[in-house]
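Enquirer: Questions regarding the structure given below will be posed in turn.
Values quoted throughout were computed directly from the atomic coordinates according to the rules given, and no laboratory measurement underlies them. Just so it is clear, the model here is predicted, and its values are computed rather than measured. Counting neighbours? That spans all protein chains shown, and the Cβs are built from the backbone with ideal geometry, glycine included.
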Amino acid sequence: MSSFWEVLSATLVKDIRLEWRSKDALNAMLFFSLLVVVIFVFSFDPLAEESRHIVGGLVWVAFLFAAVVALNQTWARELRNQVLDAYRVSPAPANALFMAKSVGNFLFVSVLEALMTPLFIVFYNLHVLGPAWQLVPLALLGTWALVVNGTFFAAMSVRTRSREIMLPLLLFPISIPAVLGMVAGTTAVLTGENSAHFYIVLLLTYDVVFTTASLALFGTILHAE
Amino acid sequence: MKRLYPILSIVTVALLGYALYQALVIAPTDALQGDVYRIIYYHVPSAWTAFLLFFINFVASVRYLAGSKASTEMAVKWIAIFIGVVGFIAPFLPPVRAKIPAGMEPSAVATTIVLIPVFYFLVGKWFPGDKLDVLALTSAEVGVVFCTIVLVTGPLWARPVWGIWWAPGDIRLTSTLVMWLIYVSYLVLRRFSNSAQTQMLAAALAVFGALDVPLVYLSIWFFRTQHPQPVIGGGGQMDPRMLHVLLFSWMAFLLFGFLVCWSRFRLELLKREVEQAHAMESLVGAEASSNTSLPLSRSAR
C-alpha cells in the first residue's frame, strides 16, 4: 500500500511542478473558456431573469470543452521519451498512476472553475436565489465526474490515430448523465425553483460507479498490447 | 452450416413479408390513432432487437476482458453465478416482490435474471478467444442499425400523434438516443484505433457504455414520459390480435437480425484471416511467398 501512495504522490507532485513551470494546460484552458464566455455573451445577451435559466448550461459546456484541452495533454506528455512505456514495464501499481493523473486534472480544472466563475457572475449579472452552498458539492462532484472519465478515455485515445479528436468523441456520450446532473442542479440552485439534492446524489452515484470501473479497468488499458 | 444460410434467408424474407401483410392488413385499426399506429410493428421489434444486440455486446465484452487474466476470469465467473442465485431468489421475497411493477410475474423476472449468467457462460463456450471480440463488434454494428430504425420511426409516428417530432427530456427517447450515441462512439473507436490494442480498448468502452445506460435513465427520472407504456409488463392493455402481430413481427426481425449478424460475423473473421495472412506473407518475405500460396484457412478459400 505504501508504494501506491508513494507513486501517487510522486506522479502528482511531478505533474503539478511541470504545470507550475510551464502553465501550458492552465493558460490554454483559461483563454479557451474565456473565449467561450465572450462568444456566449455576444450570441445570447440575456436579461438577468433569463440568464439564471441558461447560465447553468453555458458554464458547464464551457468547462467541459476547456477540460478536454487539459485532458488531452495529460497522457500525450508521457509519450515523449517513452515515459509511458517505462511506466508499463515498471512494477508500480497502474491505479496509482491513474489516480495521480485524475487528481492532477481535478486540481487544474478546479482552479479554472474558481477563476472563471467570477467572470460568469460579472457578464451575466448573476444573483443566486437558491441555497448557494449547494453549488460547491455540485461543482466538486461534477468536476470529478468529468475528470475521472476524461483521464481514463484520454489514456484510451492516446493509443488511437488522431487522438486529439478522439477524446471528446468517447467522453461526451458517456458524460451525458453527469452533464445533465450538473446543468440541472446548477439551474435549480440559481433559480431556487426546486431542490438540487437529487442531482447531488445522482452525481455521487455517477462518481462512485465510474471511479470503480476506471480503477478496475485501467490496468488492462495501460498494459493492452 | 453453409447450406443453412440460403434456406434461412428465404425463410426470413417470407416471414418479413408475411409480418408486413399482417401489420398492414390483418391487425385491427387503433381506435384512437387510426392507421398511424401500425408503425409500431416496425418500431417496437427493432427496439427489442437493438437492446438484445447491445446486451450481447456487453456480455461478449465483459467475457473478453475477463479472459485476459485467469484470476479475473475466476472472479467474474463467481460474480455471474452470484447474480444468477440472488436474482433467482430475490423476486420471490415479499419486500422485493412488492417493488415489481404490476403485470410482471416474479417467476418471469427470476427466469430473466437467471438467463444472464447462463448466457454469459454459453457465449464464452461458443465464442472462444478472438471470436468474442468479433461477436462484440458485430452485435454493436447491427444494434446501431436497428437503433437507428427506432430513432427514425419514432418521430415519424410522434409527429401526427403528439404534434411534435421529438419530446426533449422524455425518458425513453433520451435514453435511447444516448445509447445510440454511446455505441456509435464505440464503432468510431474501433475504426480509429491501431489494430493491436483495439479489442481491449473497445471492450473497456463497451463496459463503460453499458454502465452508463442505467445512469442516463436515472438522470432523467424527473421528467415525465410521453412515450406509451411498455407493451409487456407496463400494466397497459393491448388487443391480443395486435400483440400477436407484434410478436410475430419481432420473430421475423430477430431472424433478420440474426442473419445479418451471421454474415457480418463471417465477413469479419475472413477479413482478419486475410490480414493475418498478409502479415505472415510480409514476415516470411517476398521470396518465400512467391513459391507458396497464402496460408489461408479452409473457410477463406
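Enquirer: How big is the charge dipole of the protein assembly as shown about its Cα centre, in debye rounded to the nearest 20, if each Lys and Arg gets +1 on its Cβ and each Asp and Glu gets -1 on its Cβ?
Expert: So the magnitude is around 1100 debye.
Enquirer: Taking only Cα atoms, what is the 0 to 90° angle, nearest 10, from helix B:130-162's long axis to the longest principal axis of chain B?
Expert: Helix B:130-162 sits roughly 30 degrees off the main axis of chain B.
Enquirer: Among all the lysines, which ones have a C-alpha under 20 Å from A:Lys101's C-alpha, if same-chain residues fewer than 8 places away are not counted?
Expert: Cross-link targets: A:Lys14, A:Lys23.
Enquirer: If you don't mind, another one. Compute the separation of the alpha-carbon centres of segment A:1-31 and segment A:47-74 and state it in Å as a whole number.
Expert: First find each Cα centre; the distance between them is then 24 Å.
Enquirer: Can you grab the distance from the C-alpha centre of segment B:162-197 to the C-alpha centre of segment B:37-109, Å, no decimals?
Expert: Value for the Cα centre distance between the two parts: 21 Å.
Enquirer: So what are the radius of gyration and Dmax for the Cα set of segment A:19-101, in Å?
Expert: 18.2, 57
Enquirer: Suppose we flag trypsin sites (Lys or Arg not before Pro) only when DSSP calls them loop and at most 16 other Cβ atoms lie within 10 Å. Which is the longest uninterrupted stretch of chain A?
Expert: That would be A:24-160.
Enquirer: Something else about it: If you fit an axis through the alpha-carbon atoms of helix B:40-66 and take the longest principal axis of the Cα set of chain B, what angle between them do you get, 0 to 90°, nearest 10?
Expert: It works out to around 40 degrees.
Enquirer: Output the 0 to 90 degree angle, nearest 10, between the alpha-carbon long axis of helix B:106-126 and the longest principal axis computed from the alpha carbons of chain B.
Expert: It is inclined by approximately 10 degrees.
Enquirer: Where does segment A:2-223 land on Rg(C-alpha)/(2.2 N^0.38 Å)?
Expert: Against the compact-globule rule of thumb, the ratio is 1.05.
Enquirer: Report, in deg cm²/dmol and to the nearest 500, the calculated mean residue ellipticity at 222 nm for chain B, where each DSSP H run with n ≥ 4 adds -39500 (n - 2.57) and the sum is divided by the residue count.
Expert: -25500 deg cm²/dmol
Enquirer: About the Cα centre of segment A:2-223, what is the dipole size in debye to 20, counting +1 per Lys and Arg Cβ and -1 per Asp and Glu Cβ, all else neutral?
Expert: 740 debye
Enquirer: Can you pull out the trypsin sites (Lys or Arg not before Pro) in segment B:1-88 whose DSSP state is coil and whose Cβ has at most 10 other Cβ atoms within 10 Å?
Expert: Hits after loop and neighbour filter: B:Lys2, B:Arg3.
Enquirer: Of A:Val61, B:Gln22, B:Phe208, which is farthest along the charge dipole of the protein assembly as shown in the positive direction, counting Lys and Arg as +1 and Asp and Glu as -1 at C-beta?
Expert: Towards the positive end, the residue furthest out is B:Gln22.
Enquirer: On to the next question. Quick check: the distance between the Cα centres of segment A:105-150 and segment B:12-34, to the nearest angstrom?
Expert: Answer, in whole Å: 53.
Enquirer: Dividing the Cα radius of gyration by the Kirkwood radius, what Rg/Rh value follows for the protein assembly as shown?
Expert: Over the Cα atoms of the protein assembly as shown, Rg/Rh equals 1.00.
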